[in-house]
1. Output the number of the condition that GLY335 fails; it satisfies all remaining conditions of (1) buried (at least 22 other Cβ atoms within 10 Å of the Cβ); (2) at negative phi.
2. Pick from the range 382-418 the residues that are assigned to a helix (DSSP H, G or I) and open to solvent by less than 10 Å² (accessible area, probe 1.4 Å): which of them is nearest to the ligand (Cβ to nearest atom)?
3. Those residues that are over 12 Å from GLY108 (Cα atoms) and open to solvent by less than 40 Å² (accessible area, probe 1.4 Å), I need them from the range 31-47; list them, please.
4. Are any residues in the range 419-442 farther than 11 Å from VAL400 by Cβ and in a loop (DSSP other than H, G, I, E, B), and if so, which ones?
5. So is GLY299 within 16 Å of the ligand (Cβ to nearest atom) and modelled with pLDDT under 95 or not?
6. Quick check on my filter: what residues within the range 111-163 are among the charged types (D, E, K, R) and either buried (at least 21 other Cβ atoms within 10 Å of the Cβ) or touching a helix residue (DSSP H, G or I) at 6+ places or on another chain (Cβ under 7 Å) (or both)?
7. Name the residue, out of ALA277, ALA188, that is of a type outside the set (Phe, Trp, Tyr), assigned to a helix (DSSP H, G or I), more than 21 Å from TYR481 (Cβ to Cβ) and in contact (Cβ under 8 Å) with a residue 12 or more places away in the chain.
8. Considering the range 490-511 alone, what residues qualify as being open to solvent by 10 Å² or more (accessible area, probe 1.4 Å) and either among the aliphatic types (A, V, I, L, M) or without any contact (Cβ under 8 Å) to a residue 60 or more places away in the chain (or both)?
Amino acid sequence: MFLMSVFLCVAAGESLMAANKADITILPAPVKMEQSKGYFELNEQTQIVFQTGNSEGEKTAAYLASVLRPATGYALPVNAVSDAPANAIYLQIEDVKLGEEGYRLTVGKEGVALSAATSAGLFNGVQTLRQLLPPAIFNSSKVEKQSWKIPSMAIEDYPRFAWRGMMLDTARHFLPKEFIKKFIDTLAVHKMNRLHLHLTDDQGWRIEIKKYPKLTEVGAWRKETLVGHSGKNNQTFDGKRHGGFYTQDDLRELVVYAAERHITILPEIEMPGHAQAAIASYPELGNLSEQLPVHTSWGVNKNIFNVEEHTILFLQDVLAEVVDIFPGTYIHIGGDEAVKDQWKASEAVQKRMKELGIPDEAKMQSYFIARMNEFLKSKGRKLIGWDEILEGGLGKDATVMAWRGIEKAVEAAKAGNDVVMAPTTYTYFDYYQGKKEKEPLAIGGNLPLEKVYGFDPMSIDLEPEALKHVLGTQGQVWGEYIATPDYAEYMAFPRACALAEAAWTPQAQRNYEDFLARLKAHVMRLDALGVHYRALDK
Ligand code: ACM
C-alpha cells in the first residue's frame, strides 16, 4: 500500500515552500500546501484507480483520464481497487473534514492520493492535479518529448465561498452552444461552480418555450443592430439580421455537460423590464397597442410587461418549463431597470393596482416578484434577482444579486436576504480592462485586472451575523458590444482568474504580486486550452 509511504515521505521531506515556490503555480491558490523533495512521474503504465463500489469516484476518475489523455497520448486505464497499487492516482471518497467542496491531495514518488468527502471535492482536487503538471498537459493534442512530472507535496484545500460564478449574456448577442461548453471547461479549471446564462432581454429571447413558440419564432431575431456608441440623434445600424436560440434539448445537454464538471447553470428570465423581445412576440404582454419590434439598440428601455393576471400566468408557464430544464435550486428572474413610466401612464395598470389595493408602482413590482417567488417555491426552487427586487419590499427567502454597489448588498443582508456580490465596480467584465484607446470597443467603464483582484466580497460594513448572508461572487460578461466567442473570452480572461481567487482563496493569503507570478504560468494553460484571453500588461 503506497499511501503510508506517501505520507511518511511528505512528513520527512524538508519544506521547499520558500525555495521553490515559483514552480508551483496553482490558481486559485490553495489553502494549505507543503512541497517536499522528489516527484511522481506519470507514464504509460500509470493507472487511475478508485475504491470498488464508489461510482462518484469512478466518474471523476474517468474525467481525469479524459483530460490527461490528449496531451500525454496515454490511454490511462481506470480501475476499481480495494487497495491502491504503485504507480497510480487513487481517488477516494472519505470524510477529510474539508467541507463539501474541499479535498486532500498527496503526491509522492510512488503515486498520488486524492481524497474528498464528495465528488465535487474530488473534482476540485483533479483541477489542482492538472495544474501541478506542466502547462502543456492542457493541450488538445499529443505533446512530444515532454515528461509529466508532478512535484511531491501535500495539499489541503477548500473554497472560501460556495458561489463562484460567471454570467454570460446570450440575449444581446447569441453565443453558440459549443462555445458555452468551452467556457464551462475553462470555468472548471478555475474551480468556479456557477454559470449564469442571461437568456432573455429586449434584443433577443434565446430559450425555446414549447407553450409559446413565438418567443423564439419572433423574439429570437432582430432586424439589425446599432453600430458602436452612436447617440440617440445619430444612430447607424448594421443592416444585418441577428439571432438564434437554444432548444430545450440544447439546454439539457448544457446542464448535463456542466453538471459533469460540478457547475450549476443558473437561467435568467428577465421581468418585468428588459422584456421587449417577449412583447414583440406576444403584444398582449405589453402596455401599448402598437406592435413593437425586437429591440435593435441598447440602454434602459421603457417597454416592460404589463401587470395583467394573464401576463403573470404566462411568465409562470415560462418558469414551469425553465424549472423543468434546469435542476439547480435557484432561478433568476431579472428584476433590474424596470422603468415605471408605462405603468404610471397605463389606465389598465392603474385599474389593476386599485383592484389589488396596491398604492404605488414600486409595491406593484414587489407584488409581481412575490407572485414569481410563490410560484418558484411551489416548485421547490428559490428566486434570485438583481438588487432592484428589494424595492417595494421582498420576501426573506429571495436571494439578491447586488450589482449597483456594495451598499445594495448591505441593505439586502441587513434585511435578512442572501446576497451574491456582483457589483459593477469589481465584477463587470464588459468594462474596459486597459486604456480605452488601446482596447477593442467596450461599453465603457474601467476595470483593470488588479482592481478585480483587489475585490474582497466580505469587505462590507456588516455584523458577522449578516455577513453570513454573503454567498459569494460572480463576474458579468454583458453582451452589447461582445458579439463573438473570442471577444467574450478576451473580456472574461484573465479577469475571471482574479475573481476565481477572490472567491476561493482565504483573504489573508491573497497577494497581487504572487497572483501575477502564478498568472504568468497560468496563461500558458489558457494558451494550451485555446482561450483567447487578453494579454498581460508588460
Ligand atoms: C444590470 O446590469 N442591469 C443588472
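The values are calculated or read from the model by the stated rules, or taken from the named source; none is laboratory data. What you see is a predicted model; the values in this text were computed from it and never measured. FYI the Cβ positions are ideal-geometry reconstructions off the backbone, even for glycines, and counts take in every protein chain you see. The area values use the complete protein model at the heavy-atom level, side chains included, leaving out ligands, DNA and RNA. Shrake-Rupley method; radii C 1.70, N 1.55, O 1.52, S 1.80 Å.
1. Condition (2) is where GLY335 drops out.
2. Across the range 382-418, the extreme among qualifying residues is ASP387.
3. Matches in the range 31-47: VAL31, THR46.
4. Those that are farther than 11 Å from VAL400 by Cβ and in a loop (DSSP other than H, G, I, E, B): PRO423, PHE429, ASP430, TYR432, GLN433, GLY434, LYS435, GLU439, PRO440, LEU441, ALA442.
5. yes
6. ARG130, LYS142, ASP157, ARG160
7. ALA188
8. Selection gives TYR490, ALA508, ASN511.
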